[in-house]
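**Student:** Submitted below is the structure of interest, expressed as structure tokens.
The values are calculated or read from the model by the stated rules, or taken from the named source; none is laboratory data. All of these numbers come straight from a predicted model, not from anything done at the bench. All Cβ positions, even for glycine, are placed from backbone atoms using ideal geometry, and neighbour counts span all protein chains on display.
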Amino acid sequence: MQPTAPARSPEVTSFLSAQPHLSQIALILTDINGIARGKFLRPHELHALFLNGRPLPSSILSLNVLGEDVDTTGLVWEVADMDCLAKPVPNSLKVCPWLPSTGQVLVSMDKVAGMPAAAADPRLRLAEIIANLKADNLYPALACELEFYLLDAQAWKQGKVVPATASNQLPLTQTQVYSVDDLEAMRPFFADIYKYAAIQGLPAETAISEYAPGQFEITLVYRKDALQAVDEAIQFKRLIKGVAEQHGMLACFMAKPFTERAGSGMHIHVSLNDADGLNLMSAGETETNELLLHSIGGMAATVQDSMAIFAPHANSYRRFKANSYAPTAATWGINNRSVTFRVPTGSAASRHVEHRASGADANPYLAVAAVLAGLHHGIKNKLNPGKPAEGNAYGEQSNTLPLNWYDTLEAFENSPFIAEYFGADFQRIYSALKREECERFNAEVSELDHRWHLRLA
């Protein structure tokens, strides 16, 4: 009797036939902090992954930013660090052009077989919130704008954080916002970004020199499939980091890497379509309609509850300052970059809201989930955002955002809104993890402590 041939996935077979040079595949699960966790597989192991999923330890979704277990999440020893089933994310099996002989595939926990870790899976939380919207015949469309710094990798090895040196060997030392010259000086980097993005099927669009030396932004195509848009943002961040390293630089998505320079945000552009793909926020020749206003009202009413997601680290809060292009109050306006919720100008068919609270350090899955949950909350409850801000909204003293880590964690922990949309288990796990990070960070005695108090206290 002949042995039965091992089962084969048609998708994997087609992929490996087109990529015979691959020797390893990065299996990537995005954790709560937005960090890629996983393992390298041999190419033939992809068949079992695509047919049956892959067990991963429950603790992988309860790791702090340092990659260490946080026992209080309940996903470590309480469940004996049991294996939970992860499955591949559709259309995420791709080559990594910046790495030799390497491919990658994103995975997410199975809703049932992935428990208890599935309760903490960021992508699954977003998928379920999108499903809630679709149940009400609301189909979210969106795009993410990613701001980041390019830093000198050699200087970092010496303990210095400085902007990268351009291809002409001149350091980037001036702000030069929207400078074409600065973009041209980094043309080898951007050329590879666009080349590799095309290979991976990622819709990279406009590149901008931002509001600090070495700070840039690359936009992604506006997608009618919100989950696809965020999957692409996750992959694109990894691509940017990989290409930067290839060019002797570090791509830094830290919210505030420099004291006196601009912070980096992740602006989320969002609208709602009907089942036929028509924009429900479009109001003909007018700038707003009822659905758009209720959406803004919901995002404004829930932004305080969600700030622990938009600003997930101690450093995140250094970004929020007056006149910094980072918002400080739950304001909205039309064609106004001093507000949290901006309605850009443009054609009626493209009407949408730009959510400006999230830092570049936020997990894109969770940040978008919080945005979509907020607007859904506003639509369900017919919330009104009030009058739009006119002129400089930084003087707004009401509805200010909670701008320290302890306050945002308390708001998150006590929020019925978070429990409703993200689930009580996620609320508990995220809170436990972030509390551990917060307490650990604030217990550290820093160099600044010594400089200020060692001899003078």
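**Student:** When the residues of the range 206-246 are narrowed to those that are among the β-branched types (Val, Ile, Thr), assigned to a strand (DSSP E or B) and under 16 Å from the mean Cα position of the chain (by Cα), which ends up surrounded by the fewest Cβ atoms within 10 Å (Cβ to Cβ)?
**Tutor:** Only one residue tops the list, namely THR219.
**Student:** So if I check each of SER58, SER92, which one is farther than 23 Å from ALA314 by Cβ, small (Gly, Ala, Ser) and either within 20 Å of the chain's Cα centre (by Cα) or in the same structural domain as PHE190 (by TED's automatic domain parsing) (or both)?
**Tutor:** Result: SER92 is the single residue among SER58, SER92 that is farther than 23 Å from ALA314 by Cβ, small (Gly, Ala, Ser) and either within 20 Å of the chain's Cα centre (by Cα) or in the same structural domain as PHE190 (by TED's automatic domain parsing) (or both).
**Student:** For the range 373-401, name all the residues that are in a helix (DSSP H, G or I), among the aliphatic types (A, V, I, L, M) and modelled with pLDDT of 85 or more.
**Tutor:** ALA373, LEU375, ILE379
**Student:** Can you go through LEU146, LEU133, LEU93, LEU124 and tell me which one is surrounded by 18 or more Cβ atoms within 10 Å (Cβ to Cβ), hydrophobic (A, V, I, L, M, F, W, C) and modelled with pLDDT under 95?
**Tutor:** After ruling out the rest, the residue left standing is LEU146.
For every residue, the table says whether it meets (1) touching a Phe, Trp or Tyr at 6+ places or on another chain (Cβ under 7 Å); (2) in a helix (DSSP H, G or I); (3) within 21 Å of ALA357 (Cα to Cα).
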position: LEU403; (1), (2), (3): yes, no, yes
position: ALA411; (1), (2), (3): no, yes, yes
position: ILE418; (1), (2), (3): yes, yes, yes
position: TYR421; (1), (2), (3): no, yes, yes
position: ASP425; (1), (2), (3): no, yes, no
position: ILE429; (1), (2), (3): no, yes, no
position: ALA432; (1), (2), (3): no, yes, no
position: LEU448; (1), (2), (3): no, yes, no
position: TRP452; (1), (2), (3): no, yes, no
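**Student:** Output the residues belonging to the range 340-351 that are part of a loop (DSSP other than H, G, I, E, B) and surrounded by fewer than 24 Cβ atoms within 10 Å (Cβ to Cβ).
**Tutor:** PRO344, THR345, GLY346, SER347, ARG351 - these are the residues of the range 340-351 that are part of a loop (DSSP other than H, G, I, E, B) and surrounded by fewer than 24 Cβ atoms within 10 Å (Cβ to Cβ).
**Student:** To continue, here is another question. Just to be sure before I move on: is ALA301 buried (at least 17 other Cβ atoms within 10 Å of the Cβ) and out of contact with any strand residue (DSSP E or B) (no Cβ under 7 Å at 6 or more places or on another chain) in the structure I sent?
**Tutor:** yes
**Student:** Something else now. Determine, yes or no, whether LEU433 is modelled with pLDDT of 95 or more and outside the structural domain of LEU280 (by TED's automatic domain parsing).
**Tutor:** When the stated conditions are applied, LEU433 passes them.
**Student:** Look at ASP69 and say whether it is free of Cβ contacts under 8 Å to residues at least 12 places away in the same chain, closer than 20 Å to TYR430 by Cα and touching a strand residue (DSSP E or B) at 6+ places or on another chain (Cβ under 7 Å).
**Tutor:** It is true that ASP69 is free of Cβ contacts under 8 Å to residues at least 12 places away in the same chain, closer than 20 Å to TYR430 by Cα and touching a strand residue (DSSP E or B) at 6+ places or on another chain (Cβ under 7 Å).
**Student:** Can you tell which of ALA7, ALA48 is over 30 Å from ALA362 (Cβ atoms), outside the structural domain of VAL105 (by TED's automatic domain parsing) and either within 25 Å of the chain's Cα centre (by Cα) or among the hydrophobic types (A, V, I, L, M, F, W, C) (or both)?
**Tutor:** The unique qualifying residue is ALA7.
**Student:** Anything in the range 207-217 that is at pLDDT 85 or above and either of a type in the set (S, T, N, Q) or touching a His at 6+ places or on another chain (Cβ under 9 Å) (or both)? List them, or say none.
**Tutor:** GLN215, GLU217
**Student:** Filter the strands (runs of 3 or more DSSP E) completely within the range 1-61 down to those with at least 3 residues that are more than 20 Å from ILE199 (Cβ to Cβ).
**Tutor:** Result: 36-41, 54-57.
Quick grid of which residues meet (1) among the small types (Gly, Ala, Ser); (2) touching a helix residue (DSSP H, G or I) at 6+ places or on another chain (Cβ under 6 Å); (3) over 30 Å from PHE441 (Cβ atoms):
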site	(1), (2), (3)
SER14	yes, no, yes
ALA18	yes, no, yes
HIS21	no, no, yes
HIS44	no, no, yes
ALA48	yes, no, yes
LEU51	no, no, yes
ASP69	no, yes, no
MET82	no, yes, no
SER101	yes, no, yes
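**Student:** Now for a separate question. Checking SER264 against (1) modelled with pLDDT of 95 or more; (2) in contact with a Gly (Cβ under 9 Å, 6 or more places away or on another chain): exactly one of these is not met. Which one?
**Tutor:** So SER264 meets the others, but not (1).
**Student:** Looking for something closer than 19 Å to ALA360 by Cβ, in contact (Cβ under 8 Å) with a residue 60 or more places away in the chain and either surrounded by fewer than 24 Cβ atoms within 10 Å (Cβ to Cβ) or touching a strand residue (DSSP E or B) at 6+ places or on another chain (Cβ under 6 Å) (or both) - is there at least one such residue anywhere in the range 270-278?
**Tutor:** Taking every residue of the range 270-278 in turn, at least one turns out to be closer than 19 Å to ALA360 by Cβ, in contact (Cβ under 8 Å) with a residue 60 or more places away in the chain and either surrounded by fewer than 24 Cβ atoms within 10 Å (Cβ to Cβ) or touching a strand residue (DSSP E or B) at 6+ places or on another chain (Cβ under 6 Å) (or both).
**Student:** Please give the number of the condition PRO327 fails out of (1) part of a helix (DSSP H, G or I); (2) out of contact with any helix residue (DSSP H, G or I) (no Cβ under 7 Å at 6 or more places or on another chain).
**Tutor:** The one condition PRO327 does not meet is (1).
**Student:** Quick check on the range 104-121: of everything there that is in contact (Cβ under 8 Å) with a residue 40 or more places away in the chain, within 19 Å of the chain's Cα centre (by Cα) and in a helix (DSSP H, G or I), which residue is surrounded by the fewest Cβ atoms within 10 Å (Cβ to Cβ)?
**Tutor:** Filtering the range 104-121 for residues that are in contact (Cβ under 8 Å) with a residue 40 or more places away in the chain, within 19 Å of the chain's Cα centre (by Cα) and in a helix (DSSP H, G or I), the one surrounded by the fewest Cβ atoms within 10 Å (Cβ to Cβ) comes out as ALA119.
**Student:** Is there a residue in the range 24-42 that is of a type in the set (Phe, Trp, Tyr), modelled with pLDDT of 95 or more and either assigned by TED's automatic domain parsing to the domain that holds LYS111 or under 30 Å from GLU439 (Cβ atoms) (or both)?
**Tutor:** The answer is yes; a qualifying residue exists.
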